[in-house]
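Quick notes on the structure that follows.
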Amino acid sequence: MADTIRPHHSRTTPVLISGAGIAGCALAYWLERYGFRVTVVERAPDLRAGGQAVDVRGSALGVVERMGLLEDVQARKTGLRGMSQVDADGRELRRTTERTASGGPIDSPDVEILREELATLLMEAAGPGVEYVFGDSIRALTQHEDGVRVRLNSGVERSFDLVVGADGLHSATRRLLFGPEAEYLHPVGTYVAAWSAPNHLGLDHWEVFHRSDGGDAWGCLAMTVRDNTELRVFVGFNSDEPVERLLPRDPAEQKRLVAERCAGLGWEVPRFLKAMWETDAFHYDVVAQIRMDRWSHGRVALLGDAGYCCSPLTGQGTSVALTAAYVLAGELHAADGDHRTAFAAYEKRLRPHVSANQALLGLSGLTDTAESAELEPDGDTDSGRQDISDFDEPDAETAAAFRAATTFDLPDY
C-alpha cells in the first residue's frame, strides 16, 4: 500500500476543475498533493446538499485509504441494518437484515455514505492550497498552444495550462468541447427524484421500499440518514417522452412534475411529497449513461459523469469517479504535466474499468426503453433480471460481473 503522506512538488502548473462534486474534489486533492496549482469552479453557491447516499467500494476504498480518509468515511456510513417492503397500505410484505436496496450486502466492506458528506471530507482533506470559486461556471474555452483561456459566466477571464470538466451528467465543459448533449446521452426511460424528509416513521437505521402495483411511477424508497434524524426519500417513474420535456431547470417546476407523476403512489408517499416542497435538499434527473469515443480534446479532459456516467442504477458512479480522479492526477504527475501523454494514459488505463461498470446497467433490469423496466408480479423485470427491491442474492452472472467491475489494480504514482 502506498503511503498516505506524499511529498509536495515544486511544479506550479495551473489547472482549472469545473465541478465541486466527488470527482472534482477528489481530483483537486490529488493534484494539490502533486504540486499543481488547483482552482475549482462550481456553479452552486456552496457544496451541493441533498441527493442520494452513494457507495464507496472496491478500488475506491483503496483510493480513500491512500488519502488517509478511510476511517473518516467509515465513521459517516449510513449504518443501515436492513430493509422492508410494504404495500400501498403500509403492511410489511418482506424484510431482511442481510442486504439493502441502496447499499447491497450488510456484511460487505463497502461504505454507504451521503454524497454531500463525502464531498465535504474530500474538500477539507485537500486543504487551503486549493482555490474554490463558488457561484460561477465556465462560459467559454479558447485553447491555444500554451494553455486555455477561460471566460466565466461572471465575466472573469483567466488562463490555465489545463482544464478538467468534472461537472456531471449535463456537463457544460463537454458541450463546449464536443457538442450537444444529445449526441452522448443515453437515457433508459426512467427519472428519479431524491429529497430530505423528517423521520416521522421512527425508522431506526432501516430502509423501506414500496413498489407500485402499476402505472408509470414505479415506487418509493425511504432510508434513515444522519443517525436516524432524517430520511432520504427516492421516487422514480418511467416515461418515453423526449428527455428535454421532463428536465425543467427550475427546481419548483421539477417538484411539480415529480408530484404529478407520483401522485398515484400509496403508502407514505403523499406525506413525503408534501415534505418535498418544504426542503431545499432536493435532486431530480434522468437516469442515463454518457458514452464517448474519447474523453479529452487538446488541453481539456473530462472526468466522472461528465465523460462516462454509469447511471445511478449501477451503484458505481462514485467509486468510478474516485478511482478515475486518482488515475488522472497520477498520470499527470507521472508525465510531469504533459497533457498529451497523461490524457492518453488515463484513458487507456481506465476505459476497460469504465466499460465494465457501464455494462452493469444491462444486469439491473433496465434497457433503452421505459417499457422494458416494468416489473412482473414475481418481483423480476421482464428480462428475468433483478429489480431494486429484490431480497435475494444476485444470480451468478450478475455477481461475477459486479466483482469484475469493482476490481481495479491501483497504480503507485
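The values are calculated or read from the model by the stated rules, or taken from the named source; none is laboratory data. Here the structure is a predicted model, which is why all the values come from computation and not from measurement. Reconstructed Cβ throughout: ideal geometry from the backbone, glycine too, with neighbour counts over all protein chains shown. Each accessible area value is taken on the protein alone, full model and side chains, heavy atoms only, with ligands, DNA and RNA left out. Shrake-Rupley method; radii C 1.70, N 1.55, O 1.52, S 1.80 Å.
Laid out as a table, the results:
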{"read-out": "Residue count for the range 223-275, restricted to those that are touching a Leu at 6+ places or on another chain (Cβ under 9 Å), of a type in the set (Gly, Ala, Ser) and within 24 Å of residue 288 (Cβ to Cβ)", "value": "3"}
{"read-out": "Residue check for residue 168: open to solvent by 10 Å² or more (accessible area, probe 1.4 Å), modelled with pLDDT of 95 or more and assigned to a loop (DSSP other than H, G, I, E, B)", "value": "yes"}
{"read-out": "Yes/no for residue 254 being open to solvent by less than 10 Å² (accessible area, probe 1.4 Å) and either touching a residue at least 12 places away in the same chain (Cβ under 8 Å) or more than 29 Å from residue 77 (Cα to Cα) (or both)", "value": "no"}
{"read-out": "Selection status of residue 316, touching a residue at least 40 places away in the same chain (Cβ under 8 Å) and either surrounded by fewer than 24 Cβ atoms within 10 Å (Cβ to Cβ) or among the hydroxyl-bearing types (Ser, Thr, Tyr) (or both)", "value": "no"}
{"read-out": "Search result, residues across the range 130-151 that are more than 22 Å from the chain's Cα centre (by Cα), modelled with pLDDT of 95 or more and open to solvent by 20 Å² or more (accessible area, probe 1.4 Å)", "value": "131, 139, 140, 141, 142, 143, 149, 151"}
{"read-out": "Number of the condition not met by residue 175 [criteria: (1) part of a strand (DSSP E or B); (2) open to solvent by 10 Å² or more (accessible area, probe 1.4 Å)]", "value": "(1)"}
{"read-out": "Index of the failed condition, residue 47 passing every other in (1) open to solvent by 30 Å² or more (accessible area, probe 1.4 Å); (2) at pLDDT 95 or above", "value": "(2)"}
{"read-out": "Wholly within the range 17-131, helices (runs of 4 or more DSSP H) carrying at least 2 residues that are more than 24 Å from residue 395 (Cα to Cα) and without any contact (Cβ under 8 Å) to a residue 12 or more places away in the chain", "value": "70-75"}
{"read-out": "Residue in the range 197-210 that is in a strand (DSSP E or B), in contact (Cβ under 8 Å) with a residue 60 or more places away in the chain and among the small types (Gly, Ala, Ser) present", "value": "yes"}
{"read-out": "Search result, residues across the range 152-164 that are in contact (Cβ under 8 Å) with a residue 12 or more places away in the chain and either open to solvent by 20 Å² or more (accessible area, probe 1.4 Å) or out of contact with any Phe, Trp or Tyr (no Cβ under 9 Å at 6 or more places or on another chain) (or both)", "value": "152, 153, 154, 156, 158, 159, 160, 161, 163, 164"}
